[in-house]
Amino acid sequence: MLTFDVIAFAQLSVHELYSILTLRQLVFSVEQRCAYLDCDDKDQASLHLLGRNASGRLLAYARLLPPGVSYPESSIGRVVCHPDVRRTGTGQRLMQEAIHKTRQAFGSGAIRIGGQLYLQRFYEELGFVGIGLPYDEDGIPHLEMLLPAPS
């Protein structure tokens, strides 16, 4: 069971920030063997969704970006689950929470993501629709996807 908290960058403790960066590096740099600059100056403008277990261990994370930071719409990025909780439904729960918290913070408009192409079906099951053509980002195929505003 995970507990989710949304924290603005300036309110993150150094320990929380360290846990976030460690999880992002573990998956995006080490596991996916992708050398890229994770610190892209968007964290400061974002809200940070942390999913922790009962002992406080960070197991799920997403970055919630206001409109105008990455896209004209609000967006969700750096979506990551620790390898220990994969295939347990944690990713779906993380994204459902991220969608809810993004709309709560930035309004009920559309949400745009740049998702890894192999996760297209996962995001489609959450209501996202692929737009445009796949593109390469740091050697990994991605696809922009849009979750329409609720009717």
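Just so you know, all these numbers are worked out from the coordinates, no wet-lab data involved. Just so it is clear, the model here is predicted, and its values are computed rather than measured. So basically every Cβ, Gly included, is an ideal-geometry build from the backbone, and we count neighbours across all protein chains shown.
Secondary-structure-derived ellipticity at 222 nm for the chain, considering helices only, amounts to -7000 deg cm²/dmol, per-run term -39500 (n - 2.57) for DSSP H runs with n ≥ 4.
When a/c reaches 1.5 or more, the comparison of a/b and b/c decides; with that in mind, is segment 43-139 rounded, prolate or oblate per its Cα gyration tensor?
oblate
Would you kindly calculate the translational diffusion coefficient of segment 91-151, applying Stokes-Einstein with the Kirkwood radius from alpha carbon pairs, for 37 °C and a viscosity of 0.692 mPa s, and quote it in µm² s⁻¹ without decimals? The estimated diffusion coefficient comes to 273 µm²/s.
Taken about its Cα centre, segment 27-151 carries a charge dipole of about 520 debye when Lys and Arg each add +1 at the Cβ and Asp and Glu each add -1 at the Cβ. Note on TYR118, TYR71: ascending count of other Cβ atoms within 10 Å places them as TYR118, TYR71, the fewest first.
The antiparallel fraction among DSSP beta bridges confined to the chain stands at about 95%. Between TYR118 and TYR135, the contour length at 0.36 nm per residue exceeds the Cα-Cα span by 4.9 nm. Note on ASP84 and LEU12: the model spin-label points, each 7 Å out from Cα along the C-beta direction, lie 2.0 nm apart.
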